[in-house]
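Just below is one structure, and these are the notes that go with it.
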C-alpha cells in the first residue's frame, strides 16, 4: 500500500545556492517593520516620528550590512537584489564615464559569470563597447595571469565574481582588484555566494564595487545592496529614477522591512558565520567523499578554494536528461537551463572544458544553515541507489 501523499517525506533541500529559507530571527525583524506598532512607515517621510523611526531602522540595517563586509555605511546603497546591483555597477559606471568624456570602452569579465553580469556586458557590446570574456582555469578560478594578458589601455572595468554560483570556486578578487586599480581601472565583484564566508574587508581592499544580497544567507528575497568605495570616487549614473533616494543613486522608496531583514541576516552571519562555515564544510566533505566513491563521478571546481556550501559534481556515462527526475528525494540543480525543446548544457561547465553530455549529467548540491547530517545521509543513499539505473550502456 503506497504512502499517502501528505505523509511522504519531502525531498532533501540542497539548493541553498538558488535560495535559502529565511532565518526565524530575520522574520521577526521584518515583522517588526510591518505592523502599526513597528517601523512600517516610509523612511523618507521625515516630517513625523513614524518616518524617523523607519529611517532609523533602515540606517541600522545599512550599518549591519557594512559591518559584515568591512565598509562604511556611507558606502552601502540598497537595491532590489543582486541583479540590480550588478546592472547598476556595470551600466552605471559605463554611462558615468562616458558623460565625463572618458574614451575607454573595454570591459573584462569571465565566461562563467552570473547572467546578470554577462547579459549586461552583451548589451554594452551592442553600444560599441568591447568585452573580453576570460576562460577560467579548469577549477573555475580566474587568476592574475589571465587578467594581465587581457588588460589594455582601453580597459575601464573588470567584473569577476568572488565565488562562482555553480562551482563554488573562489577567486582572489583582492589581488585582481589591486592589479586593476594599478592600471587605472575599476574592479567590481559579485559576492552573492561568498559574503560572510570569504574575506571581504573592503576597507582594506582595492575592490571598487561589490554586489551584496540577502537571499543566499537566510535573508529575504527582493533586497540587495551595492558597495561603492568612497576612496576611489567611483562615478555611477543611476539606473532607476524617481525621488532621489539612496543619495541620488537609486530612486524608489527603500522597503523598511526588507532592509531590516537583510541587516539582521548580515548581523547573524557576522556572529555565527565562522561556525556555520565549519559545520557546512564538514557536511560538504561527507557528501563529497561519498560521491567520489561512485564510479564515473567527477568533482568540479577547486578542492582548496571554495565556499562551504556548494558542491558541483558530474557523472560520466549517466543519462543527464533523467538525472533530476530520477533523484526525486533530492531538491537540487543540474546547472543546466531548461527550455521547452531541450536540456541545454551549463555554459559554466562547458567553459571549464566539459563535453555537452558531461555538462548535462551534472548536479549542483548546495547546503546551508539548516542542513542536517541526517539529510546528507539521506541524499547519499539516494545517489547511491538511483545513479546506477541511469548509466548508459
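Just so it is clear, none of the values below were taken in a lab; they were calculated from the coordinates. These numbers were taken from a predicted model, which means no experiment stands behind them. For neighbour counting, all protein chains shown are included, and Cβ atoms are generated from backbone atoms with ideal geometry for every residue, glycine included.
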Cα centroids of segment 280-314 and segment 171-217: how far apart, whole angstrom? 25
Name the shape class, rounded, prolate or oblate, that the alpha-carbon gyration tensor gives for segment 1-154, where a ≥ b ≥ c are the square roots of its eigenvalues, rounded holds for a/c under 1.5, and otherwise prolate holds if a/b is larger than b/c and oblate otherwise. oblate
Counting helices only, and only those DSSP H runs with n ≥ 4, report the 222 nm mean residue ellipticity of the chain as the sum of -39,500 (n - 2.57) divided by its residues, in deg cm²/dmol to the nearest 500. -11500 deg cm²/dmol
Based on alpha-carbon centroids, what's the gap between segment 1-60 and segment 77-155 in Å, whole number please? 33
Name the shape class, rounded, prolate or oblate, that the alpha-carbon gyration tensor gives for the chain, where a ≥ b ≥ c are the square roots of its eigenvalues, rounded holds for a/c under 1.5, and otherwise prolate holds if a/b is larger than b/c and oblate otherwise. oblate
For a footprinting-style exposure proxy, rank 25, 279 by other Cβ within 10 Å, fewest first. 25, 279
What percent antiparallel are the DSSP beta bridges of the chain, to the nearest 5? 55
Using Cβ contacts closer than 10 Å as the measure, can you line up 205, 85 from fewest to most? 205, 85
Highest average packing first - 53-59, 360-366, 380-386, Cβ atoms within 10 Å: 360-366, 53-59, 380-386
According to the square roots a ≥ b ≥ c of the eigenvalues of the Cα gyration tensor, what is the shape class of segment 81-238, taking rounded for a/c under 1.5, prolate for a/b larger than b/c otherwise, and oblate for the remainder? rounded
Rank these for me by crowding, 209, 280, going from fewest to most other beta carbons within 10 Å. 280, 209
Take every Cα-Cα pair in segment 83-141 and report what % of them are more than 19 Å apart. 30
Using the alpha carbons of segment 252-393, what is the convex hull volume per residue in cubic angstrom, as a whole number? 161
Mean Cα-pair separation over length for the chain, i.e. relative contact order, pairs under 8 Å, 6 or more apart, %: 23
Give the relative contact order (percent, whole number) for segment 235-299; include only Cα pairs under 8 Å separated by 6+ residues. 14
